[in-house]
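All remarks here apply to the structure that follows.
A short reminder: the numbers here are calculations on the coordinates, not readings from a lab. The structure presented is a predicted model; accordingly, all values stated were derived computationally and were not measured.
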Amino acid sequence: MVKLKQCTDLFILSKDKRPVDANGIYSTIDGAAHIPYYKFKAARENGYTISIKLGPIGTTGYSIYCIDCDHCDFSHPVYKWIKQTADTPSLIELSSSGAGAHIFIIKKTTEDFETRFMDFTGQQLEVWCRVRHIVSPMLETIVDTELKECNVAIFDKLIELSDKQERLKQEAYERERLKQEKNKQKKNYKFVRPETDISNFAKSDRRLKEILEADPFDVDNSANDLALVRKICYYFDTSDKDIIKDVFERTEWFAKKDDRHLQKFYRPGYLDRLISLGM
């Protein structure tokens, strides 16, 4: 019986919730130092924390994902549903802040899922699947979990719900887009570039500053793209694709994208999908 503590590719060194390399220097997740279980104590004595790296677990054929539920304590209806559905309660924990919950999923797959966002009975949930690491308050309990499929029913239900909600949002956005296009034609619409750069708002918005300064190789690009689109929609009070695209392309975050990430950004329907979610 293989336990998670035996999976050396699963754990990385971190400090201040940021991954570090073998020299203790802040790093990308892929560049972070992997650490075996028997070195946990020494690492902690040297001021480091141990993070769980999400995504494929080495060459085991399994992946570990995490559902993040903000403002969801043990009394919340969503947590109660999760508790009832879970087959491995030891993989459910309150977050370090105590203001939310983490639910870990182990699934026999190496499929590269993107981060998902959804509304579940009025509660916003995120399903983190890759390019993420979690500092777990219950790490010593979690490492004793057997390497097998765990809490998959929760994952499958939420992915199904996410797909349905995204489809409905996309349909609603498409209706609104067509409506706006007709209005533009009636008004002989001409695009006017916004004079304000969104980076000006980052001076008083710490979250926006984090989004703009993020490293594309250290975060989930889809999640960061969506977060930026939401900020643009908010600050410019718009759902106009031309305006959102123009503001987005003039950001520090966009300038750091490599060819692979640019191809994804310009993929047909990608920005439309972000806007429909961002609205």
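If I take every Cα pair under 8 Å that is 6 or more residues apart in segment 30-99, average their sequence separation and divide by the length, what percent do I get for the relative contact order?
17
Once phi is turned into θ = phi - 60°, what whole-Hz ³J(HN,Hα) does the Karplus curve with 6.51, -1.76 and 1.60 give for every residue of segment 12-18, x standing for Gly and Pro?
Per residue, the Karplus-derived 3J(HN,Hα) values read 10, 6, 8, 8, 6, 6, 10 Hz.
For segment 4-160, what is the relative contact order in percent, using Cα pairs closer than 8 Å and at least 6 residues apart in sequence?
The value is 25 percent.
Compute the length gained on full extension between residue 237 and residue 259: take 0.36 nm times their separation in residues and subtract their Cα-Cα distance, giving the result in nm to one decimal.
Length gained, residue 237 through residue 259: 4.9 nm.
Relative contact order for segment 1-63 using alpha-carbon pairs under 8 Å, separation at least 6, rounded to a whole percent?
38 percent.
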